[in-house]
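Structure, as C-alpha cells:
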Amino acid sequence: MSATDDELISQVLSGDSEAYADLVRRHHPAIFGLCAGLLRDRSQAEDAAQEIFLKAYRSLSKFRGASSFATWLYRIASNHCLDMLRRRERAATESWDALLEAEGERIERLLSAPVNEERSLEDADLVRRVLDCLPPEYRLILTLRELQGLTYQEIAAAMGCSLDSVKARLRRAREDFEGRLRHFSGAGIV
C-alpha cells in the first residue's frame, strides 16, 4: 500500500529525503501541467516545476496541513509562474493589439468556417494565443479551473483568497477572454 502525502511528509521531516522523491513523482504531472498551461513553453515549464519542487522541499517544515499538500504545491506553483509571467511581460510579449493586427483576418475566417479537424486545431491555437494576451492573474485562474479542473475551494486555497474572490476573478477572466473572442465573431466563444 502506498503511503499518504502526510506520511511521506513526516518521513521527509524525520530525515528520509528519499520519501520526497515519492511526493515529486506523485504530484509532478499536475504541477508540470499547470506550469505548461501558464508558461506555454515546455522547457520553461520543466525548469519551473523543478524550481517549485525545490522551493517546496526547502519550505516543507512550514507546511502545516491546513490544506492538502497538493493545494499547497499549487499555491507555490501559481506564485512562481505568475512571477515568471510578470517578468516575461515586462520583457515585451505579443500584445493584444499586435495579435489583432497580425492575425485579425485569419481569426475572422477561422470563426466563420465550418467545424472540422483543421478548425479544431486552429481553435486550440486561437484559444492559446488569446490566453497569452490575458493578464497573468486571469491566465492563472482560467488554467487552474478550466485546464487543471480544480474546484473553487481548491483554487481559493491555492491562491490564498476567499471563495467569493475566486468567483469574481473567474467571472472577470472569462468575460475578458470572451470579450476578446467576441471582438472577432460578434457571437462569443467559438
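Going highest first, how would you order 16-27, 58-69 by mean Cβ packing within 10 Å?
Most protected by this proxy first, the peptides run 16-27, 58-69.
Extending each Cα 7 Å along its Cβ direction at Arg64 and Glu89, get the distance between those two points in nm, one decimal.
That separation, rounded to one decimal, is 3.0 nm.
In terms of the Cα gyration tensor, with a ≥ b ≥ c the square roots of its eigenvalues, is region 1-93 rounded because a/c is under 1.5, prolate because a/b exceeds b/c, or oblate?
Because a/c hits 1.5 or more and a/b exceeds b/c, region 1-93 counts as prolate.
Rule-based calculations on the coordinates, nothing more; no lab input. Bear in mind that the values here come from a model prediction, so they are computed numbers and not experimental data. So basically every Cβ, Gly included, is an ideal-geometry build from the backbone, and we count neighbours across all protein chains shown.
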